[in-house]
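Notes follow the structure.
Just so it is clear, none of the values below were taken in a lab; they were calculated from the coordinates. These numbers come from a predicted model, not from an experiment. Cβ placement follows ideal geometry from the backbone for every residue including glycine, while neighbour counts extend to all protein chains displayed.
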Amino acid sequence: MLIDITTALNQNTKVYPGDPEFKLKRLFTVEKDGFNLCGLSLGTHTGTHVDAPLHFFASKESIADLSLKYLITNAVVADVSGLNSIDEKFISCLNLNGINSILFKTGGKDIYLSKSGAQYIASKGMLITATECLDIEDDTANDYFVHKTLLSNNVLIVENIDLSHVKPGNYKFYCFPLKIENGDGSPVRAVLEL
């Protein structure tokens with residue numbers, strides 16, 4: 001069974017403060033032109049999206065340069081809705097045998113990954129860390145420690161997924177970004193398979 005965990009893009013899509021808002025403009029219509037065609041305007045971190053290492057490191061991989069191994073991974077969905085932050089102690093209790101992606105189910109709360117949590121995930125050789133939040137980082141942090149720790153260790157970050165209809169457990173995780181040359185991030189279609 002396939003489960004779509006992608007946040008839909010529309011005029012109500014929340015974006016990180018200061019990021020470009022999503023805009024869709026109808027340029028041609030069936031009624032007038034015989035076909036529909038729209039123009040899109042959005043940031044590379046709009047909706048459900050992945051951060052590439054280039055997001056914080058000028059000499060690291062862009063979205064277009066990423067290995068295909070990131071597209072399909074073995075994931076665990078972990079319910080963190082009862083936590084204030086996600087730390088090493090919590091993550092170390094997860095069964096990560098055969099797992100290379102961790103998806104955090106926050107229950108609509110802003111629950112961030114702590115510094116110890118980021119370091120632990122990086123040390124375990126994960127490929128992807130994902131969250132339902134707009135930002136995996138504590139929004140009061142100014143040093144971007146979590147992003148830099150994960151991305152410098154080739155752990156991609158996927159933000160703004162929708163796990164509201166997903167039970168905790170193990171899944172196959174499909175995450176397909178656009179192949180944007182020199183892209184620091186990209187919207188994705190994110191899907192779980194039970």
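Please give the Cα centre distance for region 8-24 versus region 137-194, rounded to the nearest Å.
Cα centroid to Cα centroid, the span is 17 Å.
Tell me, what does the Kirkwood hydrodynamic radius of region 75-169 come to in angstroms if you use every pair of distinct C-alpha atoms?
Result for region 75-169 stands at 13.0 Å.
Residue by residue, what Karplus-based ³J(HN,Hα) values in Hz, rounded to whole numbers, does region 179-187 have, using 6.51, -1.76 and 1.60 with θ = phi - 60° and x for Gly and Pro?
These are the phi-based 3J(HN,Hα) values: 8, 9, 5, 6, x, 7, x, 6, x Hz.
Quick one: grab the alpha carbon gyration tensor of region 25-91, order the square roots of its eigenvalues as a ≥ b ≥ c, and give me rounded if a/c is under 1.5, else prolate or oblate depending on whether a/b is larger than b/c.
Taking the square roots of the gyration eigenvalues as a ≥ b ≥ c, region 25-91 is prolate.
Would you kindly derive the ³J(HN,Hα) couplings of region 126-139 from the backbone phi angles with the Karplus curve 6.51 cos²θ - 1.76 cosθ + 1.60 (θ = phi - 60°), listing them in order in whole Hz, with x for Gly and Pro?
Once θ is set to phi - 60°, the couplings for region 126-139 become 5, 9, 9, 10, 10, 9, 6, 6, 5, 9, 6, 9, 4, 6 Hz.
What list of ³J(HN,Hα) couplings, whole Hz, do you get for region 154-161 from phi and the Karplus terms 6.51, -1.76, 1.60, once you set θ to phi - 60° and write x for glycine and proline?
6, 9, 6, 10, 10, 10, 6, 7
With both bridge residues required to lie in region 75-194, what share of the DSSP beta bridges run antiparallel, to the nearest 5%?
Here the antiparallel bridges make up roughly 40 percent for region 75-194.
Of 60/115; 60/109; 14/69, which sit over 23 Å apart, Cα to Cα?
From the list (60/115; 60/109; 14/69), the Cα-Cα distance tops 23 Å for 60/109; 14/69.
State, as an integer percentage, the relative contact order of the chain based on alpha-carbon contacts under 8 Å between residues 6 or more apart.
On the way: 450 pairs, mean separation 59.5, N = 194.
The normalised contact order for the chain reaches 31 percent.
How much mean residue ellipticity at 222 nm does the chain get from its helices, if each DSSP H run of length 4 or more adds -39500 (n - 2.57) and you divide by all residues, to the nearest 500 deg cm²/dmol? Intermediate values should be presented prior to the final figure.
Details: 4 runs with 26 residues, N = 194.
Calculated at 222 nm, the ellipticity per residue is -3000 deg cm²/dmol.
Using 0.36 nm times the number of residues separating residue 19 and residue 56, minus their current alpha carbon distance, what extension gain do you get?
11.8 nm
With springs connecting C-alpha atoms under 10 Å apart, model the chain as a Gaussian network and identify which of 175, 93, 38 has the largest mean-square fluctuation.
Among 175, 93, 38, the largest GNM mean-square fluctuation belongs to 38.
Report for region 1-158 the percent antiparallel among DSSP-assigned beta bridges with both residues inside it, nearest 5.
Around 35 percent antiparallel, to the nearest 5.
Take residue 141 and residue 180, extend 7 Å from each Cα along the Cα→Cβ direction, and tell me the distance between the two endpoints in nm.
2.3
Pairs of alpha-carbon atoms within less than 8 angstrom and 6+ residues apart define the contacts here; what relative contact order does region 38-129 have, in percent?
Dividing the mean separation by the residue count of region 38-129 yields 27 percent.
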